[in-house]
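Worksheet for the structure shown next.
Values quoted throughout were computed directly from the atomic coordinates according to the rules given, and no laboratory measurement underlies them. Because the structure is a prediction, the values reported are computed rather than measured. Quick reminder, even Gly has a Cβ in these numbers, built from the backbone with ideal geometry, and neighbours come from all protein chains shown.
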Amino acid sequence: MEAIVKTRKIGGSLIVTILKAIVEHEGLTEDQAVKIDIKKIKKSRFGMFKGIGTFTKEDKLKGQLEKK
C-alpha cells in the first residue's frame, strides 16, 4: 500500500504517521520493523492563480506586440 503523509518535528527528529488503514491492511504491530521508501513530492501549482481568467488570442497578440 502507498500513502502520502507529512513529516512532523519532535525534538531534533522528523516523524511520519502510518495511516490506520495501512496498519490494519498490513497487520502491523507496535515495535515491528518496517521498510519505508522515501520520495519527495513536488508541490502542485494547480489553481494558484484562481480568477485570472482564460488565455485568449488577444492576450497572445498583446504579448507579441509588446516584445517588438
Scaled to the compact-protein estimate 2.2 N^0.38 Å, what is the alpha-carbon radius of gyration of the stretch 8-67, rounded to two decimal places? 2.25
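Assuming R0 = 30 Å, what is the FRET efficiency of GLU24 and ILE4, from their Cβ-Cβ distance, to the nearest 0.05? Mind dumping the intermediate values first?
Working: r = 18 Å, r/R0 = 0.61.
It comes out at approximately 0.95.
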Give the angle, between 0 and 90 degrees and rounded to the nearest 10, that separates the Cα long axis of helix 57-67 from the longest principal axis of the Cα atoms of the chain. 80 degrees
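Treat every Asp and Glu Cβ in the stretch 8-67 as -1 and every Lys and Arg Cβ as +1, leave all other atoms uncharged, and give the resulting dipole magnitude about the Cα centre to the nearest 20 debye. Walk me through the numbers before you get to the answer.
Details: 14 positive and 8 negative charges, 116 e Å.
Computed charge dipole of the stretch 8-67: roughly 560 debye.
Highest mean first, how do 14-25, 29-40, 50-61 rank when packing is the count of other Cβ atoms within 10 Å averaged over residues? Before the final figure, lay out each step's value.
Working: 14-25: 11.5, 29-40: 5.8, 50-61: 7.7.
Highest mean packing first, the order is 14-25, 50-61, 29-40.
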